[in-house]
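First comes the structure, then the notes that go with it.
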Amino acid sequence: MDAFQRAVHQLSRLPGVGERTATRYAYWLLRQSPEVSAQLAASIAELREGIRECETCRDLAPASPCHRCRDIHRDHSLLCVVERPQDVGAIDASGEYRGAFHVLHGALSPLDGVGPEQLRLRELVARAGSTREVILATDPDVEGDTTALYIAKLLAPLGVRVTRLAHGLAVGTAIEFADRASLSRALQGRLPL
């Protein structure tokens, strides 16, 4: 395999990038100045070195605790639980929510080998006791619903109010792709679980 084929192979590993798109990207890179490729490679390498998991919310950030966890203007008695780091940004962008977050880094999916041990559930239970409400903002699909029900049962002994995002999100929609208005309605209409 030559250098071009290796580049196409590596680029096609990106989500949503097939071989044809990867080939277009490789040709585009060849048409750019050498500095463009060097800067791209350096930024990818720095990404792994410069981003870490926040010790509080488990979001990915350049510092720990992250800027949201340090923000004294947020209502830290509200805790919004999401599956992925990109969901934090989507919910924050709705402008409807100003509480704290907790990132699970996945959803329960036994067929994919993802059980409770692979999620940040221990950390969630440790934080949930000091909150007045936990909002479960997992995806509205089988894995997200299963995860939400599991968490609700896990938190029941703590006596904390547990709610789930309501209407506004279509079933099967990943939160990161939902529009601001839909996320806003879902946060406003959340229901006890």
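Taking the range 97-193 as the region of interest, the strands (runs of 3 or more DSSP E) fully inside it that hold 2 or more residues being of a type in the set (Val, Ile, Thr) are 133-136, 161-164. Annotation: of all residues in the range 178-193 being hydrophobic (A, V, I, L, M, F, W, C) and loosely packed, with under 12 Cβ neighbours inside 10 Å, the one that is nearest to the chain's Cα centre (by Cα) is Ala181.
So that you can scan it fast, the table gives a plain yes or no per residue for (1) assigned to a loop (DSSP other than H, G, I, E, B); (2) of a type in the set (Lys, Arg); (3) at pLDDT 95 or above:
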site: Pro15; (1), (2), (3): yes, no, no
site: Ile44; (1), (2), (3): no, no, no
site: Pro65; (1), (2), (3): yes, no, yes
site: Leu79; (1), (2), (3): no, no, yes
site: Gly89; (1), (2), (3): no, no, no
site: Asp92; (1), (2), (3): no, no, no
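In the condition set (1) buried (at least 18 other Cβ atoms within 10 Å of the Cβ); (2) among the hydrophobic types (A, V, I, L, M, F, W, C); (3) over 24 Å from Ala61 (Cβ atoms), Leu158 is compliant with all but (1). May I ask you to verify whether Asp71 is modelled with pLDDT under 95 and within 26 Å of Val162 (Cβ to Cβ)? No. Please verify whether Ser94 is among the hydroxyl-bearing types (Ser, Thr, Tyr), exposed (fewer than 14 other Cβ atoms within 10 Å of the Cβ), in the same structural domain as Gln188 (by TED's automatic domain parsing) and in contact (Cβ under 8 Å) with a residue 12 or more places away in the chain, treating the condition exactly as stated. The answer is no for Ser94.
Look at the range 60-82: where a residue is over 21 Å from Glu49 (Cα atoms) and a partner is of a type in the set (Asp, Glu) and not in a helix (DSSP H, G or I), sitting 6+ places away or on another chain with Cβ atoms under 6 Å, you get Leu78/Glu133. Taking Pro110 and the conditions (1) exposed (fewer than 14 other Cβ atoms within 10 Å of the Cβ); (2) at pLDDT 95 or above, which numbered condition does it fall short on, given that it satisfies the others? The number of the failed condition is (2).
The values are calculated or read from the model by the stated rules, or taken from the named source; none is laboratory data. Given the structure is predicted, the values throughout are model-derived calculations rather than measurements. Neighbour counts run over all protein chains shown; Cβ positions are idealised from the backbone, glycine included.
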